[in-house]
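Below: the structure, in structure tokens.
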Amino acid sequence: MELPIAARHEKSAGESYLHVLHALMLRDMRTRFGASLWGYAVIVLWPCVHVFMLIAIYTFQKLAAPLGDNRALFFATGAVPVLVFQYISREVMKSVIMNRPLTYYPQVKLFDVVLSRILVEIVTGFLALIVVVSVLVAIGTNPIPTEPFTAMCGYLAAILLGIGIGTINVAIIGFFPGWMIGYALFSIILYISSGVMFLPSYMPDKIYYWMKYNPALQCAEWVRSAYYPYAGIQVDGLYVVMFALTSATIGLLLIKTVVSKMNG
């Protein structure tokens with residue numbers, strides 16, 4: 001039985017779009033990481049290097065973990081969600097500058113370039129998570145949280161937040177290319193204030209109240225609350241998700257203006 005012409009056309013259009021998206025993802029990975037898997041491996045392994053540098057610093061200075069008795073677990077639960085958020089938001093922003101010539105082809109839209117980069121970064125983020133968990137197991141640390149569902153929700157919230165801020169960054173650099181440097185500097189401040197190296201809930205209430213408006217901090221606390229439920233960490237998950245969705249909506253709306261400006 002043959003499909004109707006409209007159905008065949010719709011299927012063909014869908015397959016063509018998937019082929020375009022697949023080609024963009026492959027090109028993105030080869031352009032950024034080279035033909036070798038080693039270039040991609042460096043990006044995946046960087047969160048591990050970051051986490052264990054923090055552990056080495058605290059071990060060398062003979063400082064105890066701010067919570068619990070395992071330095072590796074404490075830093076990993078805070079650093080991984082924050083780094084995943086920052087990587088996605090930064091790399092999605094860079095996708096437009098790196099792949100702008102592709103938008104001159106009628107089959108490729110700016111949204112396709114952004115979407116392909118988002119998919120690549122999501123895969124990279126999950127691979128990095130697997131590597132961090134594997135290394136924790138290798139050094140004798142139990143990486144299984146007390147509340148696995150809570151930990152996964154926090155990690156997914158970090159990914160969603162990275163996508164939302166990343167789309168806004170795409171729109172901003174369409175008008176102000178210098179924002180790439182500005183966001184790099186802003187990311188440093190954001191990282192320091194997100195509670196990777198300390199426990200924000202131990203801060204004075206007046207300071208902690210304002211720190212909670214940082215959604216990246218809430219993502220780190222969301223994941224940590226799954227590992228340290230006895231710490232009484234309070235997370236406003238709805239705020240994080242709504243912040244991410246609102247950012248993504250605003251970013252996508254602004255991208256339409258950016259498209260007309262860039263291609264006008």
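The values are calculated or read from the model by the stated rules, or taken from the named source; none is laboratory data. Values in this document were obtained by computation on a predicted structure and should not be read as measured data. As a convention, Cβ positions derive from the backbone with ideal geometry for all residues, glycine included, and neighbour counts pool all protein chains shown. Just the protein is used for accessible areas: all its heavy atoms, side chains included, with ligands, DNA and RNA removed. Shrake-Rupley method; radii C 1.70, N 1.55, O 1.52, S 1.80 Å.
On the given criteria, is residue 167 of a type in the set (Ser, Thr, Tyr), assigned to a loop (DSSP other than H, G, I, E, B), in contact (Cβ under 8 Å) with a residue 12 or more places away in the chain and on the phi < 0 side of the Ramachandran plot?
Spelling it out, it is not the case that residue 167 is of a type in the set (Ser, Thr, Tyr), assigned to a loop (DSSP other than H, G, I, E, B), in contact (Cβ under 8 Å) with a residue 12 or more places away in the chain and on the phi < 0 side of the Ramachandran plot.
What tally of residues in the stretch 170-218 results from selecting those that are touching a residue at least 12 places away in the same chain (Cβ under 8 Å) and among the charged types (D, E, K, R)?
Result for the stretch 170-218: 1.
Six or more apart or on different chains, Cβ atoms under 6 Å: show the pairs whose first residue is in the stretch 40-68 and open to solvent by less than 60 Å² (accessible area, probe 1.4 Å) and whose second is at pLDDT below 75.
Note: pairs meeting the criteria are 40/33.
Which residue is nearest to residue 220 (Cα to Cα), if the candidates are limited to the stretch 173-205 and must be in a loop (DSSP other than H, G, I, E, B) and either among the hydroxyl-bearing types (Ser, Thr, Tyr) or open to solvent by 70 Å² or more (accessible area, probe 1.4 Å) (or both)? Let's see the steps before the verdict.
Looking only at the stretch 173-205, we keep the residues that are in a loop (DSSP other than H, G, I, E, B), and these are 176-178, 193-199, 203-204.
Then keep just the ones that are either among the hydroxyl-bearing types (Ser, Thr, Tyr) or open to solvent by 70 Å² or more (accessible area, probe 1.4 Å) (or both); that gives 176-177, 193-194, 204.
Details: 176: 30, 177: 30, 193: 11, 194: 7, 204: 18 Å.
Once the filter is applied, the top-ranked residue is 194.
Answer with yes or no whether residue 123 is open to solvent by less than 10 Å² (accessible area, probe 1.4 Å) and either out of contact with any Gly (no Cβ under 6 Å at 6 or more places or on another chain) or not in a loop (DSSP other than H, G, I, E, B) (or both).
no
So, residue 24, is that one open to solvent by less than 20 Å² (accessible area, probe 1.4 Å), at pLDDT 75 or above and more than 17 Å from the chain's Cα centre (by Cα) or not?
yes
Name the residues in the stretch 133-143 that are assigned to a helix (DSSP H, G or I) and either modelled with pLDDT of 85 or more or open to solvent by 40 Å² or more (accessible area, probe 1.4 Å) (or both), would you?
The answer is 133, 134, 135, 137, 138.
Looking only at residues in the stretch 144-164 that are part of a helix (DSSP H, G or I) and open to solvent by 50 Å² or more (accessible area, probe 1.4 Å), which one is nearest to residue 227 (Cα to Cα)? Before you say what the answer is, go through the steps one by one.
Going residue by residue through the stretch 144-164, those that are part of a helix (DSSP H, G or I) are 148-164.
Adding the requirement that they be open to solvent by 50 Å² or more (accessible area, probe 1.4 Å) leaves 148-149, 152, 156, 160.
Working: 148: 8, 149: 11, 152: 11, 156: 16, 160: 21 Å.
Going through the qualifying residues, I end up with 148.
On the given criteria, is residue 227 at pLDDT 90 or above, under 25 Å from residue 54 (Cα atoms) and open to solvent by less than 50 Å² (accessible area, probe 1.4 Å)? Lay out the reasoning, then the answer.
Numbers: at pLDDT 90 or above: yes; under 25 Å from residue 54 (Cα atoms): yes; open to solvent by less than 50 Å² (accessible area, probe 1.4 Å): yes.
Criteria met by residue 227.
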